[in-house]
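Single-structure report; data block below.
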Number of protein chains: 2
Amino acid sequence: MSSLLIRNCRVLQIPLDEPRATVLTGQDVIVRGNRIEAVQPTGQADISHFHDVIEADGMLVMPGLINTHAHVPMVIFRGLAEDVSIEKWFNDYMWPLESNLQPDDVYWGMQLGLAEMIHGGVTSVADHYFYMDRAAQAVEKAGTRALLGWAIFGSGGMDAINQTANFVRTYQGAAGGRIRTWMAPHAPYTCDDDFLRACVQKAEELGVGIHIHVSETMGQTEASLEKRGLTPIQVLDQTGVLDVPTLLAHVVGAMPGDMAILARKPTGIAHAPKTYLKLAMGTAPVRAFMGHGIPVGLATDGAVSNNTLDIWESLRLMALTQKQEAGSPEMMTIPQNLFIATRMSARVIGQAHELGSVEPGYLADLILVDLSGVHHQPLHSVTASLVFNTAASDVNTVICDGRIIMQERKLLTLHEGDIVAQVNAGMERLAQRVPSRRIQVYNP
Amino acid sequence: MSSLLIRNCRVLQIPLDEPRATVLTGQDVIVRGNRIEAVQPTGQADISHFHDVIEADGMLVMPGLINTHAHVPMVIFRGLAEDVSIEKWFNDYMWPLESNLQPDDVYWGMQLGLAEMIHGGVTSVADHYFYMDRAAQAVEKAGTRALLGWAIFGSGGMDAINQTANFVRTYQGAAGGRIRTWMAPHAPYTCDDDFLRACVQKAEELGVGIHIHVSETMGQTEASLEKRGLTPIQVLDQTGVLDVPTLLAHVVGAMPGDMAILARKPTGIAHAPKTYLKLAMGTAPVRAFMGHGIPVGLATDGAVSNNTLDIWESLRLMALTQKQEAGSPEMMTIPQNLFIATRMSARVIGQAHELGSVEPGYLADLILVDLSGVHHQPLHSVTASLVFNTAASDVNTVICDGRIIMQERKLLTLHEGDIVAQVNAGMERLAQRVPSRRIQVYNP
């Protein structure tokens with residue numbers, strides 16, 4: 001069994017159920033196989049007993065970051081839909097662009113996005129997209145962890161449900177357990193009630209959860225109330241979607257009554273604040289969710305709205321926008337933000353007891369953050385620096401499932417040059433846009 | 001006279017008076033002495049005629065970034081006042097902490113902050129702080145450009161005004177013209193009318209402008225209206241402050257009537273959106289300022305509120321928060337954001353015709369931005385990447401006043417190790433906080 005010693009590091013520690021953050025100094029972290037074996041004061045371990053030793057020299061070890069909602073392969077369309085309304089974004093840009101999509105685009109796009117995320121310390125992603133068999137192959141190669149869902153629209157009918165269910169079965173536990181699979185209907189406004197009910201039935205049969213967009217804006221919530229007298233959350237409740245484990249993307253447009261429903265259900269919210277700002281979608285009620293005991297995790301959404309897959313940016317923007325929304329800089333404190341970035345993000349993807357913490361028994365998804373850059377100095381507060389100063393480029397080393405996948409910023413599993421060349425070869429085709437050729441129509 | 005050839009680059013071009021952005025490819029930029037001599041298609045220049053040649057290989061050349069309002073040496077207190085209200089931030093943290101301040105702290109803190117800014121492509125800063133003779137020495141050493149003001153409070157009386165005027169005289173045009181100096185009264189709420197009038201008189205005598213905080217929050221504006229029936233902008237108008245060139249920090253709490261006043265005056269606004277979010281100060285009316293023809297420049301404010309001195313972050317947050325505030329993703333377009341980051345920021349510090357553009361005759365303050373990182377790929381839109389993807393760490397090379405001061409991310413004028421060691425040596429003393437020992441009281 002492989003073994004790894006990370007010597008003389010700082011360690012970020014956050015309890016399972018409490019937004020409190022402490023930083024231990026002068027620690028060793030011991031990894032055996034794909035699990036953390038020990039966290040102990042430095043100097044006690046015998047270096048000769050380990051296959052690999054990383055001299056951390058004061059760097060901070062913390063859990064690998066978790067991106068709880070993305071469409072990673074969309075990086076191939078990055079920068080193609082700027083300064084446009086949500087309606088145009090969907091109908092004139094994204095959905096026409098996605099009619100260009102080929103399985104190979106997903107394979108290389110997924111690799112490109114995973115390369116970006118590894119560079120920024122992201123070891124897990126909950127991804128929601130098409131041709132997910134190809135995405136799974138990219139995850140296998142990258143050495144990261146993923147919760148994958150093959151996105152389907154109601155227009156696809158039972159064929160689509162059976163196809164995505166097949167994917168769930170085939171890839172569940174793939175890549176040595178690093179890949180998990182869930183059902184992924186797109187949203188209540190693109191899937192009718194019968195379709196949602198059929199998805200629930202399939203999820204129950206397969207023993208998996210559902211990853212879905214819901215109440216992305218208050219406008220969607222109002223449209224749903226007008227059309228049928230129900231909020232989108234109430235629709236999910238009535239169709240049984242909320243009775244299986246669910247990962248709900250966005251929920252910016254939550255009504256007060258939605259909170260009580262969500263608080264009773266095995267659900268979690270993916271929060272992607274850069275997208276909400278950029279598309280002027282409003283501010284998600286993160287503090288209210290947390291106050292109701294509804295877990296919230298950090299996310300980037302896709303790169304056509306978010307432009308990057310940078311979870312540090314999501315963390316910082318969550319902290320900043322929630323302070324602004326609260327009208328008080330005393331709210332949404334540093335420990336609360338770090339709690340969401342680690343423990344809560346793990347909970348949202350259903351791995352609260354094996355991810356999101358540097359502690360014995362947990363899966364060894366770890367990152368080393370270099371806080372020696374001048375933008376952190378002097379380092380009066382490590383935790384403040386993590387929320388407000390740390391850049392993706394401060395991540396020095398990334399370990400996933402006990403294996404080093406980036407060391408001193410060099411990727412060990414993916415070849416950037418090849419990936420970029422493969423994606424660039426298709427750029428002209430990818431950027432073609434025929435508004436009448438679209439995979440779906442946005443009309444919530 | 002020194003000469004520099006930057007070979008085969010992309011060049012960002014933005015007209016003087018219009019928010020329009022284009023990117024030329026395959027260009028050479030020729031620098032002679034401290035000025036740009038030519039921008040021309042690559043391959044025409046004879047390499048042997050230049051002292052220095054930089055092979056840009058597709059990197060983007062754009063104007064050095066301008067930080068239009070900061071308190072750079074405050075980096076020494078970074079992370080010491082987190083999750084607190086504005087009142088506590090001033091009265092229980094900043095102003096007590098600043099009672100620890102010694103001239104050497106400013107010298108080393110300024111170097112530390114300049115090192116951070118050079119790493120992020122900032123070549124000019126308008127700084128507002130104490131012991132500015134020491135700050136000027138740091139700027140001279142760093143090789144950057146600065147508009148410096150020695151901050152004074154009304155409580156200092158004529159002695160303070162004379163001292164700061166002395167600084168203005170002594171350091172005007174220092175460092176071979178890279179340093180300019182202005183008067184720097186703190187704010188209307190810490191300086192009475194007579195004091196402001198005396199500052200104006202002194203500024204007129206010296207032929208300089210005034211850099212001042214005003215209407216930092218709507219709360220300050222309301223307090224001023226209640227106390228004396230005038231907005232803080234009206235106070236500046238009545239005391240003559242707006243009749244000299246002014247650089248107004250923040251103006252988050254602007255009233256509609258303030259716009260008409262500012263539109264008639266030789267003034268500009270420094271915009272620091274990260275600080276506004278973090279301290280829940282509200283959203284500055286950037287689009288309204290620009291609509292009234294009032295120039296706006298990007299800023300970071302000090303690192304105790306902003307945590308970093310990263311102008312890319314200010315650019316991105318301005319774009320995002322203004323789209324949110326407008327309630328429309330179609331507003332505050334990419335060209336408008338880049339116009340503010342370059343042309344308008346130069347105008348705000350009074351250098352519209354020699355900074356903020358890559359064109360013949362302009363001062364050679366240039367940066368090379370490396371857009372080859374996976375977080376920019378594929379590069380469908382260079383200008384979108386500049387606003388939404390670029391990190392400080394993408395800046396590869398920095399040239400100020402014709403001199404290379406960072407090359408391939410290595411600082412050539414400052415010694416990071418020495419600076420950090422000097423600052424860290426004083427950390428314990430710097431972090432001491434006796435609330436009763438403060439340099440000022442916040443009670444707007």
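Any read-out appearing in this document is the output of simple, stated calculations on the displayed coordinates, not a laboratory observation. Since we're looking at a predicted model, the values are computed, not measured. We place every Cβ from the backbone using ideal geometry, glycine too, and count neighbours over all the protein chains shown.
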Across region A:386-403, in residue order, what do the Karplus-derived ³J(HN,Hα) couplings come to in whole Hz, using 6.51 cos²θ - 1.76 cosθ + 1.60 with θ = phi - 60° and x for Gly and Pro? 5, 7, 10, 10, 6, 10, 3, 6, 7, 6, 8, 9, 10, 10, 10, 6, x, 10
Against the rule of thumb 2.2 N^0.38 Å, how large the Cα Rg of region B:304-419 comes out: 1.17
Taking Rh as the Kirkwood radius computed over alpha-carbon pairs of the protein assembly as shown and applying Stokes-Einstein at 25 °C with viscosity 0.890 mPa s, one gets a diffusion coefficient in µm² s⁻¹ of 87
Which chain A residue hugs the A-B rotation axis most tightly by its Cβ, and what is that distance in angstrom, to the nearest whole number? A:393, 2
Qualifying lysines (Cα of each under 26 Å from Cα of residue B:141; at least 8 residues distant if same chain): B:410
Mind checking the angle between helix A:416-425 and chain A's longest principal axis? C-alpha axes, 0 to 90 degrees, to the nearest 10. 20
Which of the residue pairs A:274/B:265; A:274/B:88; A:274/B:278; A:265/B:274 have a Cα-Cα distance greater than 27 Å in the structure shown? A:274/B:265; A:274/B:88; A:265/B:274
Given R₀ = 35 Å, what would the calculated FRET efficiency be for residue B:24 paired with residue A:412, taking r from the Cβ atoms and rounding to 0.05? 0.40
Per-residue mean of C-beta atoms belonging to partner chains within 10 Å, peptide B:367-375: 5
With charges set only on the Cβ (+1 for Lys and Arg, -1 for Asp and Glu), what does the dipole of the protein assembly as shown come to about its Cα centre, in debye to the nearest 20? 300
Give the nm distances, rounded to one decimal, from residue A:238 to the matching residue in every other copy, measuring between label points 7 Å along Cα toward the beta carbon; shortest first. 6.1
Top of A:270, A:425, A:146 by mean-square fluctuation, Gaussian network on chain A, Cα under 10 Å: A:425
Mind checking the angle between helix B:132-142 and chain B's longest principal axis? C-alpha axes, 0 to 90 degrees, to the nearest 10. 10
Förster radius 25 Å - calculated FRET efficiency between residue B:359 and residue B:292 (Cβ-Cβ, nearest 0.05): 0.40
Within 10 Å of each Cβ in B:73-81, how many Cβ atoms from other chains are there, averaged over the peptide? 5
Three principal axis extents, largest first, for the C-alpha atoms of region A:217-257, in Å? 27, 19, 15
Mind checking B:422-428 for the average number of partner chain beta-carbons within 10 Å of each residue's beta-carbon? 2
Compute the angle between helix B:157-171 and the longest alpha-carbon principal axis of chain B, please, reported from 0 to 90 degrees and rounded to the nearest 10. 10
Give me the percent relative contact order of chain B, please, defined on Cα pairs under 8 angstrom at least 6 residues apart. 23
Round to the nearest 0.05 the FRET efficiency obtained for residue A:228 and residue A:443 when R0 = 25 Å and r is the Cβ-Cβ distance. 0.95
Region A:363-444: GluC sites (Glu not before Pro) in DSSP coil with no more than 10 other Cβ atoms inside 10 Å: A:408
Between region B:190-248 and region B:56-117, what is the separation of their alpha carbon centroids in Å? 24
With no solvent and one point per C-alpha, what does the Debye sum give as log10 I(q)/I(0) for chain B at q = 0.06, 0.12, 0.13, 0.14 Å⁻¹? -0.23, -0.97, -1.15, -1.33
